[in-house]
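Let me begin by presenting the structure, written as structure tokens, before commenting on it.
The values are calculated or read from the model by the stated rules, or taken from the named source; none is laboratory data. Since this is a predicted model, take the numbers as computed values, not measurements. Don't worry about glycine lacking a Cβ; one is built from the backbone with ideal geometry, like all the others, and counts go over all protein chains shown.
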Amino acid sequence: MWQNTRVSHTVVVELFPLDVRLEVQRGTALADILAEYGVEFPCGGSDMCGGCRIRVVDGTLPAGIPDRVVFTEDELAQGWRLACCARADSSLKLEVGQWITPVLADSAPLEGKGRAGLGIAVDVGTTTIAAQMLDLASGQVLGLRTALNPQCAHGADVMGRVLFALSDPRLTPLIRSTVGAMAVDLAGERSSELREIVLAGNTVMHHLFSGLDVLPLSHAPFVPDRMDEQIFTPAQLDWSLPPSCRIRFLPCIGGFVGSDILAGILATGIAAGETLSALIDLGTNGEIVLANGHRILCASTAAGPAFEGASIRMGMRAASGAVSHVILQDGRLECHVIGNSPARGICGSGLVDAVAAGLDLRAILPNGRLADGAQEFPLTGSVVITQADIRELQLAKAAIAAGMRLLLRRWGACRNQIALVHLAGAFGNYVRLESAVRTGLLEIAPCRITSAGNTALRGVKMALLSPDLPFPGPIEHVPLASEPGFQETFIECIAFPDM
Ligand code: FES
């Protein structure tokens, strides 16, 4: 038996960054291990497609002949290998290529205010984390690190995280250790120059990072006990950084409106001037802000996971193999697939495009039904969208459109008075504006909508560079569910525009 031999018959395989740690028989095929976690092997493990790429973060996995055919010398040196050709002959920590999601950073130039030293701005998203290090004097960005939020393994959305956190304390150390490692890595040998690290995120990320009780966020009326800015020393977070470095998580606005939106208001400047503007961050939780220099209204609306490709039969994140865009060309569908690999699913932007194209083809009717009793709308290869997928999109887009209509009603304005809509976040960056308008997700002309990128990260950088910058406010948070006419407005918004 293995207990009596000198060499253990088991090895440990860790799957990064999902916090999965497995003890397996030495020599087990990595394909067998990874398949259990949903990793796909597009060419069936024939070492031809490169779709099963993994990166060895820790441990040793010698490169074989197929690896040398598929990867460059640089990639081999970085640890990239084909999972379908490899076995766990020793303990390994692996990053799975299919789990790597492109993370939206921010390249807008900002001016420093002459403060000496370095600072780090962090956007703590529910799915991804983006951190940029800046020279505080010049405002120049010196480095970027991105990561999947390791909490993803314990809940896809904020409510899943809250429910997990009610019975398990692991989420706080998980997020702290990930952000801390990113900060240490970014600062490198210059860590003694770090003055400040500023973070923003939604209210659940704020609470979990700060170690606050999430119970009030688990039930109506979803009003947190604490919404204020949270300040820490590196020692309190167990980070190997100089004690003089201050860490602060910016304050929240409401139960489902966090400091990421506060930072977005700062970044877009919508709370200045006379014209009415809007900020919309589309995700599982959609946040909407209406503002001018005199008033700020904000609301959150539960759009569900359709914009992130979840709850869709062939839905997936915007990663290699996802149909990300669909256009109609001479009456035919042309699909763009991320990574030039075979299509294996569809992400949120592809779904909105596909439904817009289906509406134009009259394959999808304005009430959302597939024409002629069809059950599926085929896109490319084996990728289809189903009647249920269209329903999911209808519910998601109705939540956003109804939220905007109700905020406008509360303001006493009509949509034509909005000068500009800033569409924030990764989905907002990739969705085609024409398709968002065609499906009724946004009820405003495309020429008055702009993709604003990662406004949360840009706003955090502004707060980092100018510590005395006043936060915009007061901000009136409108709980939509208790707003008069909420149900009726939501139902009105479910149908697609009949053009
Ligand atoms: S599955 Fe195609 S190369 Fe591994």
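A count restricted to the range 404-431 and to residues that are without any contact (Cβ under 8 Å) to a residue 60 or more places away in the chain and either of a type in the set (S, T, N, Q) or closer than 21 Å to Ala302 by Cβ (or both) stands at 1.
Within the range 318-332, the set of residues being in contact with an Asp or Glu (Cβ under 7 Å, 6 or more places away or on another chain) and surrounded by fewer than 24 Cβ atoms within 10 Å (Cβ to Cβ) comprises His325, Ile327, Leu328. Taking the range 456-499 as the region of interest, how many residues are among the polar types (S, T, N, Q) and in contact with a Leu (Cβ under 7 Å, 6 or more places away or on another chain)? Of the residues in that region, 1 qualify. Within the range 74-117, the set of residues being in contact (Cβ under 8 Å) with a residue 24 or more places away in the chain, within 15 Å of the ligand (Cβ to nearest atom), over 23 Å from Ile129 (Cα atoms) and not in a loop (DSSP other than H, G, I, E, B) comprises Arg81, Leu82, Ala83, Cys84, Cys85, Arg87. Looking only at residues in the range 8-67 that are away from the ligand (no atom under 14 Å from the Cβ) and of a type in the set (Phe, Trp, Tyr), the one that is modelled with the lowest pLDDT is Phe16. Looking across the range 229-243 at every residue that is part of a loop (DSSP other than H, G, I, E, B) and touching a Pro at 6+ places or on another chain (Cβ under 9 Å), the one that is surrounded by the fewest Cβ atoms within 10 Å (Cβ to Cβ) is identified as Pro243. Mind checking whether some residue in the range 366-385 is crowded, with 21+ Cβ neighbours inside 10 Å and either out of contact with any helix residue (DSSP H, G or I) (no Cβ under 7 Å at 6 or more places or on another chain) or within 27 Å of Ala272 (Cβ to Cβ) (or both)? Checking the range 366-385: at least one residue is crowded, with 21+ Cβ neighbours inside 10 Å and either out of contact with any helix residue (DSSP H, G or I) (no Cβ under 7 Å at 6 or more places or on another chain) or within 27 Å of Ala272 (Cβ to Cβ) (or both). Residues that are surrounded by fewer than 21 Cβ atoms within 10 Å (Cβ to Cβ) and closer than 24 Å to Leu110 by Cα within the range 278-295 comprise Asn292, Gly293, listed in sequence order. Number of residues in the range 422-451 that are outside any loop (DSSP other than H, G, I, E, B), touching a helix residue (DSSP H, G or I) at 6+ places or on another chain (Cβ under 6 Å) and within 15 Å of Glu287 (Cβ to Cβ) equals 3.
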